[in-house]
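Inspection log for the structure reproduced underneath, given as structure tokens.
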Amino acid sequence: MADPILSLDNLNKHFGGVHAVKDFTFQMERSELAGLIGPNGAGKTTVFNLITGVYSPDSGSIKFKGEEISARKTYEVISRGVARTFQNLRLFPRSTALENVMTARQQHFKYNFFEAATHAGRWAGNEKKIKETSLELLDRVGLLPVAEQAAGTLPYGHQRRLEIARALALQPELLLLDEPAAGMNPEEVQDLNGLIRNIHEDFNLTTLVIEHHMEVIMEICPRIACMNFGEKIAEGDPDYIQKHHEILKAYLGEEVEEC
């Protein structure tokens, strides 16, 4: 793989006596869409937390666009072009959907304390641009009609879409989606499949998805890695993953094997 945008090399992370991530190696090319699967406790979200600076690895390397970022703080990683959603929603529930997206978008616009306090100088022009772009993103994920509704009052599936819009507002080059279909019904899952695929293509955005809904991963991700007990046990295309003996034993089970 030439010039990967993301390169994880022999990552290790312990929490007490638990080896949560063990010698994990994985790379992604620019504009690739890939999936990361595994049973609960396999270490998937810990990998995301290592990439985004929530945790520092005990050993190993994390490179983004060729730069070592394993010692970077979360805000430094985000400023370099990485955005994520969370397993558990992290929205501002009392703020509107529009305000949630605008909050993320503001990091790309600069003005000083005086301008912020008085709404003078660059503030008005910046706020107009921020609002316009945020509305476009809400429209992109199908939430424009509820832009002025409090985020906490939105249906769960809409809140998931709002998290994606807020991540996109950061203008990332790498998007990490942590179980975006969690809590959704089958119809919502199908709609989400189309949304993720379209966002990946339209934004030319490198995207890594963690998901327990196998229909999401198998349908949209050309390449999938599977973890178990902190280790990567297999990597390949959906057909290879569905037939891999260790994955069937550790995670997918007989029901998926019969599909």
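We did not get these values from a lab; they are worked out from the coordinates using the rules stated. None of these values were measured; they are calculated from a predicted model. We place every Cβ from the backbone using ideal geometry, glycine too, and count neighbours over all the protein chains shown.
Remark: relative contact order (the chain) = 25 percent; criterion is Cα-Cα distance under 8 angstrom and separation of 6 or more residues. Hey, rough spin-label estimate for Glu219 and Thr153, points 7 angstrom out along Cα→Cβ, what's it come to in nanometres? Each label point lies 7 Å from its Cα, and together they span 3.1 nm. Springs join every pair of Cα atoms under 10 Å in this Gaussian network model of the chain, and among Glu179, Glu163, Glu29 the largest mean-square fluctuation is at Glu29.
Dividing the summed -39500 (n - 2.57) terms of all DSSP H runs of n ≥ 4 by the residue count of the chain sets its mean residue ellipticity at 222 nm at -10500 deg cm²/dmol.
Fully extended, how many nm does the chain gain between Asp3 and Glu231 (0.36 nm per residue separation, minus their Cα-Cα distance)? Could you put the intermediate results ahead of the total?
Details: separation 228, 0.36 × 228 = 82.08 nm, distance 2.40 nm.
So the chain would gain 79.7 nm between Asp3 and Glu231.
Give me the number: length gained by fully extending Glu201 to Arg90, i.e. 0.36 nm times residue separation minus the C-alpha to C-alpha distance, one decimal in nm. Walk me through the intermediate numbers first.
On the way: separation 111, 0.36 × 111 = 39.96 nm, distance 2.56 nm.
Contour length minus the Cα-Cα distance gives 37.4 nm.
Distance between the 7 Å Cα→Cβ label points at Gln107 and Lys128: 2.6 nm. Charge dipole (Cα centre; +1 on Lys/Arg Cβ, -1 on Asp/Glu Cβ; no other charges) of the chain amounts to roughly 1280 debye.
When each pair of different Cα atoms in the chain is counted once in the 1/r mean, what is the Kirkwood radius in angstroms, to one decimal? Averaging 1/r across every pair of different Cα atoms and inverting gives 19.3 Å.
For the listed residue pairs Lys63/Lys232; Lys13/Lys249; Lys22/Lys243; Lys22/Lys65, the alpha carbons are over 21 angstrom apart in Lys13/Lys249; Lys22/Lys243; Lys22/Lys65. Straight-line reach from Lys129: taking Cα to Cα under 22 Å and skipping same-chain neighbours fewer than 8 places apart, the lysines in range are Lys110.
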